[in-house]
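The structure appears right after this line, and notes come after that.
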């Protein structure tokens, strides 16, 4: 077994499978002609998947975004969720550092996706114009759903991805979540140009923890935003 | 006389005093005696003689009942020898005439002769006298009853004065010597008589009424000076109720002093003045001591609150000083605490660094463990799946190609040889176990580091607290408030000490300036000089008293015989003996028993008095010494005498006395019929038909 788990394609593949399983929408009935056989759900647009994956892989950025949202809305649940992440070792233990958002990242995603595509857990369909890909669609097959469910049920380390993916999707798309208002947040529309440049996007856990402390103090003193 | 009655000279007395003092310097002794106004010169011979030659009175009689009221004039020629102012009736004015004469001779009417109703009748009294051989005329003009204006005339010879008519005061050789207004009349006459008769005042010592008693139980006393008005009691005799042999009082043994005076006992007067001076000296000393005592007590009382305040302030000062730790120790304590903080900070930094490193290790291990499990799970889930389609072109992978993987060990998708991957589950599990073990080890290390870091934090916190306390203690000591309080209290103590020194008058160990102030307030204790004064006076008194006592005893012994014979002649019955002593007691034996003077009847007391005075005159004449002036004014010597024979005997004795003793002038008043037989007519002063004199 390789010690370099960062480049472990099976790990990336299973994370992507669980993410797709969590955020994909049912293909619906009647099934369209372009929908692969055995497909049960679909996720359109690669960039969206990339952005969801970013929150999944970087709990410190997710917590920082939750604090931003708390500053604007004053919803205590957001401060509590950020607190749960930052008070734990999640940012250090669960983070999967990724390259800066560059087009080259696709290859990496493709490599992981190929692990899912070969046994037909996910089927990728590309809608092309004459010259370039307009949109990718990621279809989850029944077999993919079964493997994802099995992974969530059997391995706690993997179940964490499903839970976190569902939370992120609920935040971004207002799909409903315990104690969360059904409000669509703008996370997915935000660009990553503001994130520090470099080969690896660095952790902002320390900075986020400082913000958390300051906001908690302000809240306890009654300076709650509404 | 076996006793030595020679009179020692002044130098002899000084020699005796100096000898008895032992180591005294004669000059110093003389100086001390002189400083007290004491000169011990022996008495010079004096012509102690008083003779009345004429009594002239004017007045207005106002009885309000008889036809005799109106102006009157009395002009009585007198001289040496016996005289009687006689009448056959009472209230004829006999005593009043004696009173008028006594006024002129004494400067104040003699109380024993005074008849209140007649005092206001006298408007003018003139007495022509010879005093010590000098002719004089006393002129009293009464503008108010008993309050005369006095004029003293003198002349070269008596006849020039006697020749003057009535109130006339101008004549050949007559001159006005002195004049006095009412308050000074007594002093003028007294001075004149004392000078002329060579008499010196007698000082006696009288306790002050209500004066505090000293430690010796003696009250403070004042000096009473007796002069002519008191001496006059040896000239004017009456049958009064008082029980004093001679003089107005027994205080200070005045009767004895008067007898010594008229017996011319040498240094008798000087002795009284010595006693007085010594008593004054002692009394002044004891007064100073008492005042010093009282001052000390008052100062102590005044100082008491100060003392209490000082004790309180000193106590507070001690408390403040005790509460002020050594600043060096405080500085050292702060330094030590600071060093401890630095050490703890270093230790804490190291512990924190170690904790951080341990945490990072643990996080790395935890992350690795998580990834390993994820990877393991992913491989378990995905690695065993058969490929169904090409990820590139999505074409199905058929069974034939899948079989190649098993048979030829080539990829069913790309047909390349499969990598030689040992698929050893045990090795994989062993790898996971190693990772878990490493995580457990790093977790334990983090726990240990955490405990060490917590301990370091605790130590640092304690060190910081200790530092804060040390700096606070130093700041408290250095704070202005505490320092000011200490200074204020110190100042308070100093002020109270100064005030207490002043109030209590304690001069030992004080600043020179303060001692100088105190020396002005505090009475200095009696110095050696006054002690010497006291000793000199004491010894001088002793020496002089011996002379006085010796002479007195000798003269009194002689006088006793005279008194006894004269008293018997004057009709004092059953008188066995008298023994006059130096305390003034007559010690009479009457009817074989002791008979105090106070127990004699009033008339016998008068006769004893006459006997004493006449005795003194006789002793003096016999010894050839100036003694009694020779004038006797005796009012009613036979009053209350019921036996006519006795009365006659008394009158006869008095007449004989006045006749026989040279230099005696005896003027008596009497209503006895015997006087008409015994006294020649020219020696009888009386009114018409033996009735009112005026």
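The values are calculated or read from the model by the stated rules, or taken from the named source; none is laboratory data. Small disclaimer: the values here were computed from a predicted structure and weren't measured. Reconstructed Cβ throughout: ideal geometry from the backbone, glycine too, with neighbour counts over all protein chains shown.
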Test residue B:340 against the stated conditions and say whether it is within 13 Å of another protein chain (Cβ to nearest Cβ), assigned to a helix (DSSP H, G or I) and crowded, with 18+ Cβ neighbours inside 10 Å. no
Checking residue B:391 against (1) at pLDDT below 85; (2) out of contact with any strand residue (DSSP E or B) (no Cβ under 8 Å at 6 or more places or on another chain); (3) more than 12 Å from every other protein chain (Cβ to nearest Cβ), only one condition comes out false. Which one? (3)
Identify, by number, the condition in (1) modelled with pLDDT of 80 or more; (2) surrounded by fewer than 23 Cβ atoms within 10 Å (Cβ to Cβ) that residue B:268 doesn't meet. (2)
Note on residue B:347: of the conditions (1) in contact with a helix residue (DSSP H, G or I) (Cβ under 6 Å, 6 or more places away or on another chain); (2) within 9 Å of chain A (Cβ to nearest Cβ); (3) at pLDDT 90 or above, unmet is (2)
Verdict on residue B:214 being at pLDDT below 70 and touching a helix residue (DSSP H, G or I) at 6+ places or on another chain (Cβ under 6 Å): yes
Residue among B:26, B:71 that alone is in contact with a strand residue (DSSP E or B) (Cβ under 8 Å, 6 or more places away or on another chain) and surrounded by fewer than 18 Cβ atoms within 10 Å (Cβ to Cβ): B:71
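Residues checked against (1) within 14 Å of another protein chain (Cβ to nearest Cβ); (2) touching a strand residue (DSSP E or B) at 6+ places or on another chain (Cβ under 9 Å); (3) at pLDDT below 90:
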residue: B:428; (1), (2), (3): yes, no, yes
residue: B:436; (1), (2), (3): yes, no, no
residue: B:442; (1), (2), (3): yes, no, no
residue: B:447; (1), (2), (3): no, no, no
residue: B:452; (1), (2), (3): no, no, no
residue: B:456; (1), (2), (3): no, no, no
residue: B:463; (1), (2), (3): no, no, no
residue: B:467; (1), (2), (3): no, no, no
residue: B:479; (1), (2), (3): no, no, yes
From (1) surrounded by fewer than 17 Cβ atoms within 10 Å (Cβ to Cβ); (2) more than 9 Å from every other protein chain (Cβ to nearest Cβ); (3) modelled with pLDDT under 90, pick out the condition that doesn't hold for residue B:356. (3)
Check residue B:420 against each of (1) surrounded by fewer than 18 Cβ atoms within 10 Å (Cβ to Cβ); (2) facing another protein chain (nearest Cβ under 10 Å); (3) out of contact with any helix residue (DSSP H, G or I) (no Cβ under 9 Å at 6 or more places or on another chain) and name the one condition it does not meet. (2)
Meets criteria (at pLDDT below 85 and within 13 Å of chain B (Cβ to nearest Cβ)) for residue A:52: no
Being under 15 Å from residue A:10 (Cα atoms), in contact with a helix residue (DSSP H, G or I) (Cβ under 9 Å, 6 or more places away or on another chain) and either at pLDDT 90 or above or facing chain A (nearest Cβ under 7 Å) (or both) narrows it down to one of B:367, B:379, B:362, so name that one. B:379
What are the pairs with Cβ atoms under 6 angstrom where one residue, in segment A:146-163, is more than 10 Å from chain B (Cβ to nearest Cβ) and closer than 13 Å to residue B:374 by Cα and the other, located anywhere, is outside any helix (DSSP H, G or I) and at pLDDT below 95? Sequence gap at least six, or different chains. none
One residue is enough: does segment A:28-45 have a residue meeting the conditions assigned to a helix (DSSP H, G or I), more than 14 Å from chain B (Cβ to nearest Cβ), more than 21 Å from residue A:98 (Cα to Cα) and out of contact with any helix residue (DSSP H, G or I) (no Cβ under 6 Å at 6 or more places or on another chain)? no
For segment B:344-353, enumerate the residues that are under 18 Å from residue A:89 (Cα atoms) and surrounded by 18 or more Cβ atoms within 10 Å (Cβ to Cβ). none
Exactly one of (1) under 30 Å from residue B:406 (Cβ atoms); (2) free of Cβ contacts under 8 Å to residues at least 12 places away in the same chain is unmet by residue B:431. Its number? (2)
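Take the conditions more than 10 Å from chain A (Cβ to nearest Cβ) and farther than 27 Å from residue A:118 by Cα and apply them to residue B:405. Does it pass?
no
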Condition check for residue B:625: surrounded by fewer than 19 Cβ atoms within 10 Å (Cβ to Cβ), in contact with a strand residue (DSSP E or B) (Cβ under 8 Å, 6 or more places away or on another chain) and more than 23 Å from residue B:114 (Cα to Cα): no
Of (1) surrounded by 17 or more Cβ atoms within 10 Å (Cβ to Cβ); (2) closer than 30 Å to residue B:460 by Cα; (3) within 11 Å of chain A (Cβ to nearest Cβ), residue B:374 satisfies every one except (2)
